[in-house]
1. Please list, or write none, the lysines whose alpha carbon is within less than 23 Å of the alpha carbon of Lys33, excluding same-chain residues fewer than 8 places away.
2. What is the extension gain from Arg92 to Ser151, computed as 0.36 nm multiplied by their sequence separation minus the C-alpha to C-alpha distance, in nm to one decimal?
3. Return the calculated 222 nm mean residue ellipticity for the chain, to the nearest 500 deg cm²/dmol, obtained by summing -39500 (n - 2.57) across DSSP H runs with n ≥ 4 and dividing by the residue count.
4. Over 14 Å, how big is the tail of the calculated P(r) for region 1-48, in percent of all Cα pairs?
5. Using a Cα-Cα cut-off of under 22 Å, which lysines could be cross-linked to Lys104, ignoring same-chain neighbours fewer than 8 residues away?
6. Once both axes come from the Cα atoms, what is the angle between helix 66-80 and the longest principal axis of the chain, in degrees from 0 to 90, rounded to 10?
7. Full-extension gain between Met51 and Lys108, please, as 0.36 nm times their residue separation minus the C-alpha to C-alpha distance.
8. Taking 0.36 nm per residue of sequence separation and subtracting the Cα-Cα distance, how much length would be gained by fully extending the chain between His42 and Val144, in nm to one decimal?
Amino acid sequence: MQPEKHVALPKVDYPKPNIHAALKSNAKGEEDKIASGLAALHHEDPTFLYMVDAELHQTILSAQGELHLEVIADRLRKRYNVHVELTEPRVRYRETIKAKGDSKYRHKKQTGGAGQFAEVWMKIEPKPRDSGLEFTQSLAGQNVDRVFVPSV
């Protein structure tokens, strides 16, 4: 074999995972062991993927099939001595405002003294998509206790 001849093999394209499950830990404090175990197992078997969904607070495993998921979970249990089980992953639900609306609430409370009275008017309407959230407030009257302003 001649040392000046280099052979380059094409990169392996692994199939995309098509089934997903969430890892649920039965014991507290095993997150580090699970993370290092998943990293090592992924190094051995790159056909499965994992990610931590910060919004849902779940670790999601993606693999080629149900048996593949079970094998990965079983390897985690046996090699890294963690107590995990596979569950159905949660779905992110997001809602949006689709139409205009308004509401009015009148608060009256008599407790022996001057009592409390307030009227709250709320108006809500959609904005253009991906333009974020905008909140505006306006107070009428001088007798509004500043403690109630954030809750209003």
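The values are calculated or read from the model by the stated rules, or taken from the named source; none is laboratory data. All values reported here derive from a predicted model rather than from experimental measurement. Quick reminder, even Gly has a Cβ in these numbers, built from the backbone with ideal geometry, and neighbours come from all protein chains shown. Protein only, heavy atoms only, side chains kept; ligands, DNA and RNA dropped before computing areas. Shrake-Rupley method; radii C 1.70, N 1.55, O 1.52, S 1.80 Å.
1. Lys24, Lys78
2. Contour length minus the Cα-Cα distance gives 18.5 nm.
3. The helix contribution divided over the chain gives -6000 deg cm²/dmol.
4. Within region 1-48, distances greater than 14 Å cover 71 percent of Cα pairs.
5. Lys123, Lys127
6. With rounding to tens, the tilt is 80 degrees.
7. Result for the pair: 15.4 nm of gain on full extension.
8. Extending this stretch completely gives an extra 30.8 nm.
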